[in-house]
Amino acid sequence: MHELGIATAVLDAVRTEARRRPGARVRRVGLRLGEVGGVDRDALTFCFEAITRDTELDGLVLDIEHCPLRHRCPACDRTFEVARFETQCPICGCRDTVCVGGDELELAYLEVDDDGPGTPGTEGPQ
Ligand SMILES: [Zn+2]
């Protein structure tokens, strides 16, 4: 299952980050997900909850940011969201547009609590 692989990769990244911050607890992880990736976000959320359950990351929230498909027109230099796979430029009608977004699959952020018995937080604004 595609989503399980992604959830596992996200979790690996979270664990790597958590190891660098002893005493910190990761509360929330943000993921940017492009719409053309073919990833079912409900399935991804489900997989994520399943593989974090009863682990040290139980309760970790996966926050998925949806990234629509976007093309840029080389003729008028506008960027537009593609609806129904219509990639023609809505401004000038140019058909030779270039995909510039919508296939994202990347970590956006980690939200970390530094409430452990360690040094005072250095995680920036709270
Ligand atoms: Zn155009």
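A few points about this structure:
- Set side by side, the residues 53, 32, 72 differ, and just one is within 16 Å of the ligand (Cβ to nearest atom), modelled with pLDDT of 95 or more and not polar (S, T, N, Q), which is 72.
- Qualifying positions in segment 65-74 - in a loop (DSSP other than H, G, I, E, B) and in contact with a helix residue (DSSP H, G or I) (Cβ under 7 Å, 6 or more places away or on another chain): 68, 69
- Of all residues in segment 13-64, those that are within 11 Å of residue 110 (Cβ to Cβ), not basic (Lys, Arg) and not in a strand (DSSP E or B) total 7.
- Taking the criterion of being within 11 Å of the ligand (Cβ to nearest atom) and surrounded by 14 or more Cβ atoms within 10 Å (Cβ to Cβ), the residues of segment 91-119 that qualify are 94, 97.
- Restricting attention to segment 77-90, the residues that are part of a loop (DSSP other than H, G, I, E, B) and surrounded by fewer than 13 Cβ atoms within 10 Å (Cβ to Cβ) add up to 3.
- Some residue of segment 39-48 being surrounded by fewer than 13 Cβ atoms within 10 Å (Cβ to Cβ), among the aromatic types (Phe, Trp, Tyr) and closer than 30 Å to residue 9 by Cβ: no
- Pick from segment 75-85, criterion away from the ligand (no atom under 13 Å from the Cβ) and charged (D, E, K, R), ranking: farthest from the chain's Cα centre (by Cα): 84
The values are calculated or read from the model by the stated rules, or taken from the named source; none is laboratory data. None of these values were measured; they are calculated from a predicted model. Neighbour counts are summed over all protein chains in view; Cβ atoms, including those assigned to glycine, are modelled from backbone coordinates with ideal geometry.
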